[in-house]
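Engineer: For reference, the structure I am asking about is given below.
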Amino acid sequence: MIARTLFGADPFRNIRRLQDEVSRLEFPAVNAFVNQDGVIITAELPGVRSEDLDILIHRDSVTLSGERQTEADDARRAYHRRERRQGRFARTVSLPFVVDPNKVGADLLNGLLTLDLPRAEEDKPKRIHVKASKEAGHG
């Protein structure tokens, strides 16, 4: 009760928001937008092969993890500047609703991963039809 009073209806909402802010600094860079069917996420993954990529869906979050392979002659190079990240990575993105993991689509083309994450049927808003009934003493 105190947590709800201090932090609103969802005390973890601020924690998730902070996690999202920190995640912006991480690899890979992602965009997420909502459409009528669910969420579309695009992630920049240059140099990552599909066999080196794992996608984990858990209710209202998606985790991208994998490895960007080191270039074959990397050990022999004397770098002047090295900004492209290599090695293992993981990034979790919170979603605005629960998705159906059995209907998720994933496509990696030219270093751009596109995830189609449909909203779970049980999480979609339901319209309730209200019937007019006769009240006692009327009619």
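The values are calculated or read from the model by the stated rules, or taken from the named source; none is laboratory data. What you are looking at is a predicted structure, and each value in this text was computed from that prediction instead of being measured. Cβ: placed from backbone, ideal geometry, glycine included. Neighbour counts: every protein chain shown.
Engineer: If I go through the stretch 112-131 residue by residue, how many of them are within 30 Å of residue 44 (Cα to Cα), among the aliphatic types (A, V, I, L, M) and loosely packed, with under 13 Cβ neighbours inside 10 Å?
Structural biologist: Qualifying residue count for the region: 0.
Engineer: Evaluate the following for residue 89: is it surrounded by 15 or more Cβ atoms within 10 Å (Cβ to Cβ) and part of a loop (DSSP other than H, G, I, E, B)?
Structural biologist: Spelling it out, it is not the case that residue 89 is surrounded by 15 or more Cβ atoms within 10 Å (Cβ to Cβ) and part of a loop (DSSP other than H, G, I, E, B).
Engineer: Ok, one more. Which of the residues belonging to the stretch 1-52 are under 17 Å from residue 115 (Cβ atoms), among the β-branched types (Val, Ile, Thr) and either at pLDDT below 70 or in a loop (DSSP other than H, G, I, E, B) (or both)?
Structural biologist: If the condition is that a residue be under 17 Å from residue 115 (Cβ atoms), among the β-branched types (Val, Ile, Thr) and either at pLDDT below 70 or in a loop (DSSP other than H, G, I, E, B) (or both), then 48 is the only one that fits.
Engineer: Go over the candidates 133, 65 one by one and state the one that is more than 24 Å from residue 13 (Cβ to Cβ), in a loop (DSSP other than H, G, I, E, B) and of a type in the set (Gly, Ala, Ser).
Structural biologist: 133
Engineer: Just checking, how many residues over the stretch 86-139 are within 20 Å of the chain's Cα centre (by Cα) and basic (Lys, Arg)?
Structural biologist: 5
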